[in-house]
Amino acid sequence: MPKPSPNTEVAQVNILSKDTVLEGVVTAEYDIRVSGTVTGTLRGSSRVIVTPEANVEGDLHAAEAIIGGRVKGEIHATNRLTLKGSACIEGSVTTARLIVEEGASFNGECCMNNATKKPGGDSLKITTAAPKPQPKVQARGGQGVSKKGKR
């Protein structure tokens, strides 16, 4: 296998493995991949990936965040936040673009920012829950019937 030339930048990833517990602040210039437990703050200049088995209790700051596990705290993704179907988020989110896959759970507030808007952007409060059953309405003989069965 050829060696990279001195001018070629090799992709680097900081990995926090499964069953590893970290308390404090992690700051990295390159990607951060979390499969363990973090209590504190994650600051990545590039991308932060939280895998399905990971648990983060604290704030997360990155250009791009991909969440598959549990995060309880604030998420600030300057470019894009992706919530995988296995994600469970409790807290506020600030991002330019938000992608939510089916099955993801998000309880908190979302503020959407982009380069053309002033800081603060549009805010939306989101809570996911099971849908409430709707009362059944039946029609007889092609005529409308109220919920109590009277016309």
*Give me the Debye-computed log₁₀ of I(q)/I(0) at q = 0.11, 0.19, 0.22, 0.23 Å⁻¹ for segment 13-126, equal point scatterers on Cα only, no solvent, two decimals.*
-0.30, -0.90, -1.20, -1.30
*Based on the mean of other Cβ atoms within 10 Å per residue, sort peptides 94-104, 33-43, 19-29 so the most packed one is first.*
33-43, 94-104, 19-29
*Treat every Asp and Glu Cβ in segment 13-126 as -1 and every Lys and Arg Cβ as +1, leave all other atoms uncharged, and give the resulting dipole magnitude about the Cα centre to the nearest 20 debye.*
300
*Quote the FRET efficiency, to the nearest 0.05, computed for GLU53 versus MET112 with a Förster distance R0 of 41 Å and r equal to the Cβ-Cβ distance.*
0.90
*Can you check what the net charge comes to around SER105, using other residues whose Cβ is under 10 Å from the Cβ of SER105 (Lys, Arg +1; Asp, Glu -1)?*
0
*Sticking with the crude label model, points 7 Å out along Cα→Cβ, report the distance from ASP19 to ARG97 in nm, one decimal please.*
3.8
_FRET efficiency, 1/(1 + (r/R0)^6) with R0 30 Å, evaluated for GLU90 and GLU29 via beta carbons_ = 0.60
*Modelled FRET efficiency - R0 30 Å, LYS72 with GLN12, Cβ distances, 0.05 increments*: 0.60
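Each value in this text was obtained by applying a stated rule to the coordinates, not by laboratory testing. For clarity, every value in this text was computed on a predicted model and none was experimentally measured. No Cβ is skipped: glycine too gets one built from the backbone with ideal geometry, and neighbour counts run over all protein chains shown.
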